[in-house]
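Undergrad: I'd like to ask some things about the structure below.
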Amino acid sequence: TIEAPPMTSSTFSNFLRMTFFFSINHGCIVAVLGFAYGLIGDNASYLNGSLYITYALTALLLSSALLDTLGARYALISSCFIYCVYVLTVPVALIVPATAPAMETLVSVVGGTIGGFAAGYLWTAQGTYFAVAAKHYAAENRIELKEANTYLAAVFAGIFLGLEVLLTILPTAPLALDNVKLTLSSGAAPSAPSLQHSLTRLRYFGAATFASLRPVSLTAMR
């Protein structure tokens, strides 16, 4: 059992706010991975493949430079905001006319690449923010740094995992409309669940964007 230290500091309030909105943003991103294949078919492979490739390259080659240039606070905010482009990719790909399959593929690759770039330095920024927050929290409450790390990690994990599970489950609701068929102006005929998933993605885009724009502050950070 982890005994919670005093929660009177502004550091804890900032950390809690960061955790909540960071978790919403990341949960919205992860939630779309599961049903992308049902909406844009093989192009989902290009979407997710480009995301993971760019993610790995950015994490290895650029994350430290971006963190040094932007600082942890602005790196965290900017990466969350840019990450939102990935959520928007599938609705944009769906409105591409059926006569232009190459354009849909291009949209998928570009969206995945932009999302991967953001993901590549997102966790580096979050880790730096966490480390500084723990030091501030330990100093303000006169506790050991190890105790502060343990408590803040428990708070972060509980909120992060809880919201991610919730946002992953939500897109399954439209499955009850599986037999309903509609036709788009482009000539495609997605099922109602597909359209519902697209609308869900747009809502996730809005939620992720809102979360990315929320202020994240800590005294030692710019």
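Undergrad: What FRET efficiency, computed as 1/(1 + (r/R0)^6) with R0 = 35 Å and r the Cβ-Cβ distance, is obtained for LEU62 and ILE169, rounded to the nearest 0.05?
TA: Between LEU62 and ILE169 the formula returns 0.55.
Undergrad: Continuing with this model, one more query. Compute, for SER13, the solvent-accessible surface of its heavy atoms (probe 1.4 Å) with the complete set of protein chains present, and express it in square angstrom to the nearest 10.
TA: Counting only protein heavy atoms, SER13 exposes about 70 Å² to solvent.
Undergrad: Okay, next question. With a 1.4 Å probe and all protein chains left in place, how much accessible area per residue does region 53-177 have, in Å²?
TA: Accessible area per residue: 49 Å².
The values are calculated or read from the model by the stated rules, or taken from the named source; none is laboratory data. What you are looking at is a predicted structure, and each value in this text was computed from that prediction instead of being measured. Cβ atoms come from the backbone with ideal geometry, glycine included; neighbour counts cover every protein chain shown. What goes into the accessible areas is simple: the full protein's heavy atoms, side chains included, and nothing from ligands, DNA or RNA. Shrake-Rupley method; radii C 1.70, N 1.55, O 1.52, S 1.80 Å.
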